[in-house]
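Here the structure is laid out as structure tokens; the discussion comes afterwards.
FYI, it's all coordinate maths here, none of it is from the lab. Remember, predicted model here, so these are calculated numbers, not experimental data. Methodologically, a virtual Cβ is constructed for each residue, glycine included, from the backbone with ideal geometry; neighbour enumeration extends over all protein chains shown.
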Amino acid sequence: MKEELPLDNPFYSSAPLNLEIGSGKGDFVIQMAARGGHWLALERDVSISGTLAKKIIASELPNIIMMSVDFDEVFPKLKPGVFAGVYLNFSDPWPKKKHWKRRLTTRERLMKMSKLLTSEGRLYIKTDNDGLYAFTQEEAEKAGLVLYESQFAYELDPTKDAMTEYESAFRAEGKPIHRFVYGKAVK
């Protein structure tokens, strides 16, 4: 991604702004955008981005902008302190020990996500993977994030949250969903 984000666009300042990293096929972001706010949806997989784009167009929601880009690539172009919510739902756990640096919940990436939040903003993380849950907890502590909520068996509140395609499948199988809510890193 070579071009700068048009951060002077009113989209980025006229309503609470939220970011979903790894939007997949869009079930979560479309449900949440239907409730309000503005949403920036990032999906790095080009083939999945096509499905996401079609769903966003079909939804006719004007409050979603989608980018087919990796978080690490776009981070330097995002303005710090503007997102009310950053959402990371069911990211790849990269279960092999040698692949841990690929996880989106490394200390460095969590610190980047924290920098994007407003002073009252929150980072929401959901996973079904026990190992990623434990790893994220350790990395967030090292990053100095403020923990507001940690649930090993998260009960969905449909008035405040939405399910991804993965979450629907995992819940149907009876798998527990793990969830964290963090605030900005302590300086």
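A few points about this structure:
- Over the Cα atoms of the chain, the radius of gyration divided by the Kirkwood radius equals 0.93; this is the Rg/Rh ratio.
- Distant-in-sequence amide H partners of Val86 (H built 1.01 Å from N, under 5 Å): Leu19, Arg122, Leu123, Tyr124
- Cα lying deepest toward the dipole's positive end in the chain, options Gly37, Ser150, Ala140, charges on Cβ: Ala140
- Sites Arg35 and Lys101, calculated FRET efficiency, Cβ-Cβ separation with R0 41 Å, nearest 0.05: 0.70
- Approximate spin-label separation Ala84-Tyr148, in nm, with each point projected 7 Å along Cα-to-Cβ: 1.2
- Counting DSSP beta bridges with both ends in region 14-185, the antiparallel % (nearest 5): 35
- Applying 1/(1 + (r/R0)^6) with R0 = 30 Å to the Cβ-Cβ distance of Leu156 and Ala53 gives a FRET efficiency near 0.70.
- Calculated from backbone phi, Karplus (6.51, -1.76, 1.60) coupling profile of region 74-81 in Hz, x at Gly/Pro: 8, 3, x, 9, 8, 7, x, x
- In Hz, Karplus ³J(HN,Hα) per residue of region 171-178 (6.51, -1.76, 1.60; θ = phi - 60°; x = Gly, Pro): 5, 5, 7, x, 6, x, 9, 9
- Region 14-185, dipole about Cα centre (Lys/Arg Cβ +1, Asp/Glu Cβ -1), debye to the nearest 20: 520
- Cross-link pairs exceeding 25 Å in C-alpha to C-alpha distance, out of Lys55/Lys175; Lys115/Lys160; Lys55/Lys101; Lys54/Lys184; Lys115/Lys175; Lys79/Lys175, comprise Lys55/Lys175; Lys55/Lys101; Lys54/Lys184; Lys115/Lys175; Lys79/Lys175.
- Förster-model FRET efficiency, 22 Å R0, Lys175 and Asp72, C-beta, rounded to 0.05: 0.15
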